[in-house]
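The values are calculated or read from the model by the stated rules, or taken from the named source; none is laboratory data. Just so we're clear, the structure is a prediction, and the values are computed from it rather than from any experiment. In this analysis, Cβ positions are derived from the backbone assuming ideal geometry, glycine residues included, and neighbour counts consider all displayed protein chains. Surface accessibility is based on the protein's heavy atoms, side chains included, excluding ligands, DNA and RNA. Shrake-Rupley method; radii C 1.70, N 1.55, O 1.52, S 1.80 Å.
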Amino acid sequence: MHEKHRGHEAMHAEMVLILILSIFVAQVALVQWKKLHFRSYQLATLVAMMLIPVGISLSHQWWRFIISWLIFSLITGFVTFRATRQPLDGSTPRLVYKWFYLLYKISYGLGIVGYIAVMLTLLGMNVLFRAKPTTWMDFGFLCLYYGLYYGVVSRDLAEICTDKMAAKVGYYTTTGLPARHLEAGICSVCGNQLLVSPQNNDEAIIEQTFQLGCGHVFHEFCIRGWCIVGKKQTCPYCREKVDLKRMFKNPWEKPHLLYGQLLDWIRYMVAWQPVIIAAVQGINYLLGLE
């Protein structure tokens, strides 16, 4: 191998220089694109994150990821389809919240399991179970990748659904006047009957109910869906000012700047890094560099 590359030091240096310049130019272009046209950047990044990993998996025949990607895409596609329908069905906010919150918990759990597996391997705990370190490491990194990938993609898709559905739920209107009269024991988001009162939540079998400061009561998943969907700190029925974010923490909100930077880094590594590497290989090919 060393004999094969001997005498090509100048060409190798030129290839490294092309790689560094390509990464620098790509970084500047992506930052400017994100700053000037965030919507198109967000959509292009999401499309790249959905298609590039499955394309690489198909070329290497990584069937485990392909099967999980197909299941995720089919269910999420159905949820997104429901979220973009007009008029919006009253049960859609519940569906959106339940599905994306389930994805959040699964991806979070996979990330924790993967991190623990990697740390235990580094500490040599695999010896106690007579397991090879490579097996534990592969399992840990696999869980980390699945957790981070599906966590970021589902978060971005949830934001798109919320933008499409905002202010189009139930009794809510932009004028502030309810679309119709709210009867007692009815949830104003979905229009269905409340099975239990907030005082009897211990008796709830399927889901609990929540009462806001204005006195209006909602199904648990309806009002949580409204928090994500409407992105408004107001009651879905009377528009009275309510601190919904304090009552229900949205799992897709950035808790701090570091987490937001981590998500951007994951998007860059999954979506744009393969594109940059492919572009560099194309430049090297056109220049006759091998």
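Classification of region 55-149 by its C-alpha gyration tensor yields an oblate form. The axis ratio a/c (a ≥ b ≥ c) is 1.5 or more, and b/c is at least a/b. Per residue, region 1-155 exposes an accessible area of 65 Å² to a 1.4 Å probe, with every protein chain left in place. Available extension along the chain between Ile277 and Thr134 is 48.7 nm, counting 0.36 nm per residue and deducting the alpha carbon span.
Basic side chains Lys and Arg get +1 at the Cβ, acidic Asp and Glu get -1 at the Cβ, and with that the dipole of region 32-153 about its Cα centre reaches some 240 debye.
Taking the Cα centre of each part, how many Å lie between region 70-104 and region 122-143? Cα centroid of region 70-104 versus Cα centroid of region 122-143: 37 Å apart. With a ≥ b ≥ c the root eigenvalues of the C-alpha gyration tensor of region 17-62, is it rounded (a/c under 1.5), prolate (a/b larger than b/c) or oblate? Judged from the Cα gyration tensor, region 17-62 comes out oblate (a/c at least 1.5, b/c at or above a/b). The slack between Phe141 and Val31, meaning 0.36 nm per residue of separation minus the straight C-alpha distance, is 36.7 nm. Taken one residue at a time, the phi angles of region 270-281 give Karplus couplings (6.51, -1.76, 1.60, θ = phi - 60°) of 7, 8, 9, 4, x, 5, 5, 5, 5, 5, 5, 4 Hz. Gly and Pro are set to x.
For the pair Glu14 and Asn201, label points projected 7 Å from Cα toward Cβ lie 6.9 nm apart.
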